[in-house]
Amino acid sequence: MRLAALWGWVWRSAAAVPPLGWLIGAFCAAVLELLIGYELAIMLYLPKVPPLFGATLLFQNPLLFPATLLFDLLVYILPVCAVAFGTQRLTDRAAAFLEHRPTWLAALMHLVLMYAILHVWTEASAYRLQVSKLVMIAVMLTLSLNVINGYMGEFSCSHPGFMALGAYAASVFTLVLFTQDRLFGPALLPAALGPFCYPLALFIGGMTAALGALVVAIPSFRTRGDYLAIISLAFMFIVKSAIENIEPVGGPRGMGGQPNWSTLPVVFTAMALCIWIINNFVRSTLGKALNAVRDNETAADAMTINTRRTKMVAFMFGAFWAGVAGGLYAHEVRHVTPGGFGIQMLAEQLAMVYFGGLNSVVGSVVGAVSISMVSEVLKPLGLYKWLVIPLILILVMIFRPTGLIAFRDFDIKRILAPRKAALKRRE
Amino acid sequence: MSLEFLLQNVINALQWGSFYALIALGYSMVYSILMLFNFTHGDIFMTGTYIGLGVATGLLALSGAMGIVLPGWLLLAMTIVIAMFLTSFVGVAVERVGYRPLRDAPRASAAITGLMIGIMLEYGNLAILGTQRLLFPPIIETVTYNIFGVFVTNKKIVIVAVALSLMLALHLFIQKTRWGMAMRAMSFDFQVVPLMGVSINLIAPMTFAIGSALAAAGGILYALAYPVLDPFMGILLGWKSFVAAILGGRGSILGAALAGFLLGFIEVFVPIVFPSTFRDLIAYSIILLILTFRPYGFFGQAHSTQLRL
């Protein structure tokens, strides 16, 4: 009983701090870690600053775990709480001020702050930087797959194919125009222009994937469910084996040497855009039409929804973002092979979507981040990692069949609202 | 293209078709009962092959220790029967753990648990047996017959003959026995038939068991032809057979068998005409075209396509 009261107290006081407060706290913690992290780690007999809050150490070297817990407490938890609760009045007033300004202004402020945190936090190690970028790319993939599998209720297996199309189209664009490549010869444009044209490359990647999605979208007019699953699966295999047969892009050996343009700001901006646009899309009339088509196609048709157009738009829209994510991925790992876009990747992406929750933007983010994190944490286990992750997923499916956070709206305005007013309203 | 060459490839295609058909039957049977695909099936096929390996090795060691030389065909028959029996329990376990708790859940969730159990089987196998590839013991010696210039090995004859007789046995079981009648009734309507006193908790595990047993038989036949085993052998074969099951029309036993053989023929004959790297590309393109123009497969009915979500 006392524990429940304590928990309630903690929960109430945490809820009284607006997100702005937590972000400022996290920023202070990140700066603090950059300043004294190494010295503190040495003092606690840690070899270096724990890369992912010490989670990777859990299985690598369990003896160090108490020390990493102490490190986390001193560097992250205490400063975050201190700053968040200390500035609560100030940040709540700021949130109240922002509530009456346009939403984009508040959202932009929070995003800039989030980026600053990530930027400072990833200064510490290259490993952190890479994991963060890959996680953000995974968020984009999961979200776009959720549009098709969650919001429209198809079981599409073609996402790795869309991603491969985007990755290869974007890579060919940058390799032909901006680099000295053994396959495509000298650069056609000066390399200095490159980073400015990178968004164009990503856009081309996305559009290629969207065009490829027509192959899956057109049969979907006549069939649904398992048959469409097979069509999309066949599409994935076709893309993979077509790329293997195109010698100019390297065939089965793959394609390497992409310039490293997937920097943190680029990936972060792409992810923020992706979340913003997809969230607006699924809350629009067209997005609600997706749900109607999922729940009952005939009824949706009777309600004057153009089901063909809806399906086509959803497939192309989801594929577009998968293509953009593929382009980012290709310029991050800088070597792509057609074999990499296969069943394994499909299983991973499906796992992220169904773990996080169908029909939910927050669920997708949670699913992508948590599956990637669990996968990083369990890496030292080697083989046994692939026994633990499926077990977790099976348990989640049995006890929450639609995923952790399913069927929930992502309302930025409500999240950013000042807390005092929100709490008062609830009472 | 000479006639001998053609016949030679027909025999190869029949052999591959037998593997695909035996595995596809398991997918199709489970679908007809539960309206769900058993995505673990490819890995059950793999597990069945490994169980067959264990049984064959055990039988060889046992007969060696007792000083008896068993004839090859008897050894093979015993291996197949014992492995089929043992693998059926794997199928029952998969149904109990992965499918029964999710019978009323969205079907995609059951697909995910199926996939995940498959991954656990693969990596569990790696963890237990190690990463080295195992060799299936040569139970029967290869004899090559020359029939009018066409070379046929006894293994190929055994593979096709066993596969066909298993399919016939399955057909008889489903058409002539009371259990088969219960299964047919259940596939007609799995919500009303339980009210008539046929328990779905009995029929569903039985379907999984029969499907898994057929997959184990397919696995042992596969190992006769390609004796090097690895834990991921079930993935590609399983997905391709899944495609065959869909192509046949969901829930149609005859369709699944025919589509399995069709897939074998496509895969064997495409590399003759085109470069062999085009095999998957063309095979899947043909499947895509067939499904675009006949969206319910060869023998499937265009009944309600409403998703249970």
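The values are calculated or read from the model by the stated rules, or taken from the named source; none is laboratory data. Keep in mind that what you see is a predicted model, and the values were worked out from it rather than measured. Every residue, glycine as well, gets a Cβ built from its backbone with ideal geometry; the counts of neighbours run over all protein chains shown.
Please determine, by comparing only the residues of the range A:358-410 that are at positive phi and at pLDDT below 90, which one is nearest to the chain's Cα centre (by Cα). Step through it out loud before you land on a result.
Restricting attention to the range A:358-410, the residues satisfying the condition of being at positive phi are A:359, A:382, A:403, A:407.
This time we only want the ones that are at pLDDT below 90, so: A:382, A:403, A:407.
On the way: A:Gly382: 24, A:Gly403: 16, A:Phe407: 18 Å.
Filtering first and then ranking leaves A:Gly403.
Say we look at the range A:192-225 and pick out the residues that are modelled with pLDDT of 85 or more and closer than 26 Å to B:Leu36 by Cα; which of these is farthest from the other protein chains (Cβ to nearest Cβ)?
So the residue we want is A:Ala213.
Name the residues in the range B:71-102 that are surrounded by 19 or more Cβ atoms within 10 Å (Cβ to Cβ) and within 10 Å of chain A (Cβ to nearest Cβ), would you?
Listed by number, the residues that qualify are B:Gly98, B:Leu102.
Identify, please: which residue in the range B:103-136 is over 28 Å from A:Leu404 (Cβ atoms) and in contact (Cβ under 8 Å) with a residue 40 or more places away in the chain and is, among those, nearest to the other protein chains (Cβ to nearest Cβ)?
The selected residue is B:Leu126.
In the range B:229-240, is there at least one residue being touching a strand residue (DSSP E or B) at 6+ places or on another chain (Cβ under 6 Å) and farther than 27 Å from B:Pro295 by Cβ? Break it down stepwise before answering.
First, pick out the residues of the range B:229-240 that are touching a strand residue (DSSP E or B) at 6+ places or on another chain (Cβ under 6 Å): B:229.
Still in the list and also farther than 27 Å from B:Pro295 by Cβ: B:229.
Checked against the condition, which is being touching a strand residue (DSSP E or B) at 6+ places or on another chain (Cβ under 6 Å) and farther than 27 Å from B:Pro295 by Cβ, the range B:229-240 yields at least one hit.
Would the range A:158-179 turn up any residue that is in the same structural domain as A:Arg308 (by TED's automatic domain parsing), more than 18 Å from A:Thr263 (Cβ to Cβ) and surrounded by fewer than 20 Cβ atoms within 10 Å (Cβ to Cβ)?
The answer is yes; a qualifying residue exists.
Here is a yes/no grid of residues against (1) in contact (Cβ under 8 Å) with a residue 12 or more places away in the chain; (2) within 12 Å of another protein chain (Cβ to nearest Cβ); (3) crowded, with 20+ Cβ neighbours inside 10 Å:
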{"site": "B:Ser252", "(1), (2), (3)": "yes, no, yes"}
{"site": "B:Ala257", "(1), (2), (3)": "yes, no, yes"}
{"site": "B:Leu262", "(1), (2), (3)": "yes, no, yes"}
{"site": "B:Phe265", "(1), (2), (3)": "yes, no, no"}
{"site": "B:Phe274", "(1), (2), (3)": "no, yes, no"}
{"site": "B:Asp280", "(1), (2), (3)": "no, yes, yes"}
{"site": "B:Leu289", "(1), (2), (3)": "no, yes, no"}
{"site": "B:Phe299", "(1), (2), (3)": "yes, no, no"}
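So that you can scan it fast, the table gives a plain yes or no per residue for (1) touching a Gly at 6+ places or on another chain (Cβ under 9 Å); (2) surrounded by fewer than 20 Cβ atoms within 10 Å (Cβ to Cβ):
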site	(1), (2)
A:Gly8	no, yes
A:Trp11	no, yes
A:Leu23	no, no
A:Ile42	no, yes
A:Leu57	no, no
A:Gln60	no, yes
A:Leu64	yes, yes
A:Ala67	yes, yes
A:Val80	yes, no
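Taking A:Phe27, is it within 27 Å of the chain's Cα centre (by Cα), part of a helix (DSSP H, G or I) and either assigned by TED's automatic domain parsing to the domain that holds A:Leu273 or modelled with pLDDT under 85 (or both)? Spell out the reasoning first.
Values: within 27 Å of the chain's Cα centre (by Cα): yes; part of a helix (DSSP H, G or I): yes; either assigned by TED's automatic domain parsing to the domain that holds A:Leu273 or modelled with pLDDT under 85 (or both): no.
Answer is no for this residue.
Could you run through the range A:45-100 and say how many residues are touching a helix residue (DSSP H, G or I) at 6+ places or on another chain (Cβ under 8 Å) and either of a type in the set (D, E, K, R) or not assigned by TED's automatic domain parsing to the domain that holds A:Val31 (or both)?
Total satisfying the criteria: 3.
Report yes if some residue within the range A:336-353 is at pLDDT 90 or above, among the polar types (S, T, N, Q) and surrounded by 18 or more Cβ atoms within 10 Å (Cβ to Cβ); otherwise report no.
yes
Only one of these conditions is not met by A:Asn245: (1) surrounded by fewer than 18 Cβ atoms within 10 Å (Cβ to Cβ); (2) of a type in the set (S, T, N, Q); (3) touching a Lys or Arg at 6+ places or on another chain (Cβ under 9 Å); (4) closer than 30 Å to B:Pro271 by Cα. Which number is it?
All conditions pass for A:Asn245, except number (3).
Looking at (1) away from chain A (no Cβ under 14 Å); (2) surrounded by fewer than 21 Cβ atoms within 10 Å (Cβ to Cβ), can you tell me which one B:Val55 breaks?
(2)
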